[in-house]
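The values are calculated or read from the model by the stated rules, or taken from the named source; none is laboratory data. Since this is a predicted model, take the numbers as computed values, not measurements. All Cβ positions, glycine included, derive from the backbone under ideal geometry; neighbour counts span all protein chains shown.
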Amino acid sequence: MLHKKPLSIAIAALSSSLAMTLPALAKAQDEQAATSQPTQALNTLTVTAQQAATKVATPFVETPQSVSLITEQQMAHQGARTVQRAASYTPGVFTNQIGASNRYDYLVLRGFSDGSLDNTFLDGLKITGDTNSYSSLTVDPWFLDSIEVVRGPASVLYGRASPGGVVALNSKRPEFQDSGHLRLSMGNNAHRSAAFDLTGPLGDQHRVAYRLTGIASAADTQFGPVEEERYAIAPSLTWDVTDATSLTLHAYLQKEPEGGYHGGLPYEGTVTGRNGRRISNGFFEGEDDYDTFERTQRMFGYALEHRFSDAWTARQRLRYLNADVELNQVYAYGWASDTELTRFYSGGDESLEAWTVDNQLQANLKSGFIDHTVLVGLDYQNRENDIVWPSGAFPNIDAFDPEYGAEPTAMYPPTRQTHDLRQTGVYLQDQMAMNNWRLTLGGRYDWVDIANTDLDTDSSSELDDTQFSGRAGLLYLFDSGMAPYISYSTAFTPTSFVDANGDLLQPMEGKQVEAGLKFQPPGSEDRYSVSLFRINQENVGTKEQPTDDYRAVGEIQSQGVEFEARSQVTEQLSVQAGYSYTDATYERSDDGNQGNHAIYSPRHQASLWGHYTFDAGLDAGLGVRYHADIHADRANTETVPDYTLVDATLGYDLARVGLAGMSARINVTNLLDKEYVASCNSLEFCYFGAERSVIASLDYRF
């Protein structure tokens, strides 16, 4: 076990002190203002989400990095039931890493799959858990106001993160105006859900507001008896203590008794035939009595903000989370005969506990002809995960004529470990505006301690590391709304992955050069961007099959181009288009794959979504998603066939027939019910894509 460092103790003390001191400072400032010369009154303040790329409110067209915004309306129109699916129309993001599985939010950014479960932040704080475990957390899109996808390294502000980027989830927050939203849904695969969202002020002075959001949902899946089931609720309270001080308390409680499917099958039999026969895309290779995934997650925290003046603002965000995960799974690994698959058993019993805190001080200053937006920060993460991993073997199963009810042929002693990670970071960022020029400079220094302890032998593997991350970006904003830019940034990704000797891998390190052009017509919400990038990542950790050992295979280089356009063409027609070319290769490799293309990385992705609102209260949307050139294994012996998917929506405002506040919507994903393999981890594990989904929803807003 790691002992708390003196610096960690200092941070905890500082966090506690800041939480107690800011209201007192606010009171002292108010008293001072009463005895000094009159100043302009500050408006009532409510904490809102900050732009993810800079941690401060920065216009899209002035940010020297690729950023995409996914709105609540877009998620509703496109029928997104997970964060993973909400990003399906975002360029540079691959959301089909494990095909139809919805258990985790896999988001491969710019070709980097190593951080696809470790790149998610909720309201500025990391919520992903232990990357070397089953304890990765999810948030239902019903609770989100928006999602920001920052492509490229962001370690300068967030510490450990994939060089592909970060995904920032912004929660719905209390509002000082009464409103409510109810939704009932049903669809194929026995989908059913009920959700509510209530918000408004408490009291006559409008100093306190609440929000209470919840959902209950369940569905069968296309894979035999496997089901999905989720219950979640999120209460929050905002208190505008003074006109300059705001405190928001929030919680998120989620229980998933059924976690859905998460299996893969051989390339031969899924992509190609096995002796002329193919496995059904609804085939279940497991055993119902040994197939469970139950996850319970709890998050509690607060966001405190105080504005000393128009120039100085302090913020503190803190969150405590814990999660319990129980897993049992019988899975296939290769062919045992012409028709039978070899099967093994894997299990998990995990308990995760984590603290995160981020302290910020923002200053809006002026020096001569330069306007500065300076951000100074100190953050801390502390994560501990207790794990028990049993394993075993099961009888083979016929993939074309399965019979179920088998019992294990062997059960092996479980692995018992504790994974600890502590990270402390200090960062400084200066955004400078000089007439039409925008210069962004940032630097960060991190202290990271990681330890994996074997509870049976009391032996441990430890890593004590320090890391500097930086960013520099230069942009010129033309009066027309055109903004060319160039930037350089770095990233580092420490993990609890161990090699065959039980030693922790060195942190992965990345660096990126990006150049691009943004365009936002003045006075318009339209956004257009194109970017060219090259990212190099060293010490890349890759999981070996069939063992669970990892090794650093060398260096991955990802380079390419991305294009995104969002336009309100007319008052009735909106269009969203995206394209990305991603050439991700093993630049250096000690396993013989040097020069080969990385898995989980389509070289070409394109998407187009159009939405039209008719005068008669009817609206309709149609979308197309295209994925091409996906390699099935690191040796590049096979590829996954290209596939194109069509989605659609149809909505109607029932107020037109006298039902005020009510509306109805039908969402269809994979409209043509295309059968396809979405991607492969190796030639032993390929993942079927999701079949057609049809969901009808009835909404009531009041």
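The condition of being surrounded by fewer than 21 Cβ atoms within 10 Å (Cβ to Cβ) and more than 30 Å from R422 (Cα to Cα) holds for only one of D324, D310, that being D310.
Residue-level check: of (1) surrounded by fewer than 17 Cβ atoms within 10 Å (Cβ to Cβ); (2) among the aromatic types (F, W, Y); (3) over 30 Å from G273 (Cα atoms), Y404 misses just (3).
Quick check on my filter: what residues within the stretch 108-120 are at pLDDT 95 or above and either assigned to a strand (DSSP E or B) or closer than 29 Å to N359 by Cβ (or both)? Hits for the stretch 108-120 are V108, L109. Every condition in (1) on the phi > 0 side of the Ramachandran plot; (2) modelled with pLDDT under 95 holds for N670 except the one numbered (2). I'd like to check something: does the stretch 264-276 contain any residue that is touching a residue at least 40 places away in the same chain (Cβ under 8 Å), over 30 Å from F400 (Cβ atoms) and among the basic types (K, R)? No.
Scanning the stretch 72-107 for residues that are over 14 Å from the mean Cα position of the chain (by Cα) and in a helix (DSSP H, G or I), we see that the one that is nearest to L144 (Cα to Cα) is E72. Evaluation of L474 against the conditions (1) over 26 Å from the mean Cα position of the chain (by Cα); (2) without any contact (Cβ under 8 Å) to a residue 24 or more places away in the chain; (3) in a strand (DSSP E or B) shows that the sole unmet condition is (2).
Scanning the stretch 246-260 finds no residues that are assigned to a loop (DSSP other than H, G, I, E, B) and not small (G, A, S). Note on the stretch 80-126: residues that are in contact with a helix residue (DSSP H, G or I) (Cβ under 8 Å, 6 or more places away or on another chain), under 19 Å from P153 (Cβ atoms), in contact (Cβ under 8 Å) with a residue 60 or more places away in the chain and of a type in the set (S, T, N, Q) total 0. Say whether the condition of being over 29 Å from the mean Cα position of the chain (by Cα), within 30 Å of R278 (Cα to Cα) and either of a type in the set (V, I, T) or assigned to a strand (DSSP E or B) (or both) is met by at least one residue in the stretch 626-643. There is at least one residue in the stretch 626-643 that is over 29 Å from the mean Cα position of the chain (by Cα), within 30 Å of R278 (Cα to Cα) and either of a type in the set (V, I, T) or assigned to a strand (DSSP E or B) (or both). When residues in the stretch 452-466 are screened for being surrounded by fewer than 20 Cβ atoms within 10 Å (Cβ to Cβ) and in a strand (DSSP E or B), 9 of them pass. Checking the stated criteria, T242 turns out not to satisfy the condition of being buried (at least 16 other Cβ atoms within 10 Å of the Cβ), among the hydroxyl-bearing types (S, T, Y) and assigned to a strand (DSSP E or B).
Can you find, within the stretch 160-199, the residue that is farthest from V61 (Cα to Cα) among those that are among the small types (G, A, S) and surrounded by fewer than 16 Cβ atoms within 10 Å (Cβ to Cβ)? Going through the qualifying residues, I end up with A190. Among the residues of the stretch 145-159, those identified as within 20 Å of T356 (Cβ to Cβ), buried (at least 24 other Cβ atoms within 10 Å of the Cβ) and within 14 Å of the chain's Cα centre (by Cα) are I147, V150, A154, Y158.
Of all residues in the stretch 425-458 being among the hydroxyl-bearing types (S, T, Y) and more than 22 Å from S135 (Cβ to Cβ), which is modelled with the lowest pLDDT?
Of everything passing the filter in the stretch 425-458, T457 is modelled with the lowest pLDDT.
Any residue that is surrounded by 17 or more Cβ atoms within 10 Å (Cβ to Cβ), closer than 26 Å to R692 by Cα and free of Cβ contacts under 8 Å to residues at least 60 places away in the same chain - is there at least one of those in the stretch 579-602? Within the stretch 579-602, none of the residues are surrounded by 17 or more Cβ atoms within 10 Å (Cβ to Cβ), closer than 26 Å to R692 by Cα and free of Cβ contacts under 8 Å to residues at least 60 places away in the same chain. For the stretch 477-497, residues that are among the polar types (S, T, N, Q), in a strand (DSSP E or B) and modelled with pLDDT of 90 or more total 3. The set of residues in the stretch 113-138 that are within 9 Å of the chain's Cα centre (by Cα) and under 13 Å from P494 (Cα atoms) comprises D118, N119.
When the stretch 408-453 is filtered for residues that are farther than 27 Å from E62 by Cα and touching a His at 6+ places or on another chain (Cβ under 6 Å), only N452 remains. Only strands (runs of 3 or more DSSP E) whose full extent lies in the stretch 498-576 are considered here, and the ones with at least 3 residues that are within 30 Å of Q78 (Cα to Cα) and modelled with pLDDT of 95 or more are 508-519, 527-538, 554-568. For the stretch 124-151: of the residues being of a type outside the set (S, T, Y) and touching a His at 6+ places or on another chain (Cβ under 8 Å), which is modelled with the highest pLDDT? So the residue we want is N132.
Tell me which residues, restricted to the stretch 655-670, are buried (at least 17 other Cβ atoms within 10 Å of the Cβ) and either out of contact with any helix residue (DSSP H, G or I) (no Cβ under 7 Å at 6 or more places or on another chain) or more than 21 Å from H77 (Cβ to Cβ) (or both).
The initial filter retains those residues of the stretch 655-670 that are buried (at least 17 other Cβ atoms within 10 Å of the Cβ), namely 662-663, 665, 667-670.
Those that are buried (at least 17 other Cβ atoms within 10 Å of the Cβ) and either out of contact with any helix residue (DSSP H, G or I) (no Cβ under 7 Å at 6 or more places or on another chain) or more than 21 Å from H77 (Cβ to Cβ) (or both): R665, N667, V668, T669, N670.
Within the stretch 404-424, being within 30 Å of D465 (Cβ to Cβ) and of a type in the set (S, T, Y) holds for T415, T418, T424.
Among the residues of the stretch 368-400, those that are surrounded by 21 or more Cβ atoms within 10 Å (Cβ to Cβ) and within 17 Å of G286 (Cβ to Cβ) comprise F394, I397, A399.
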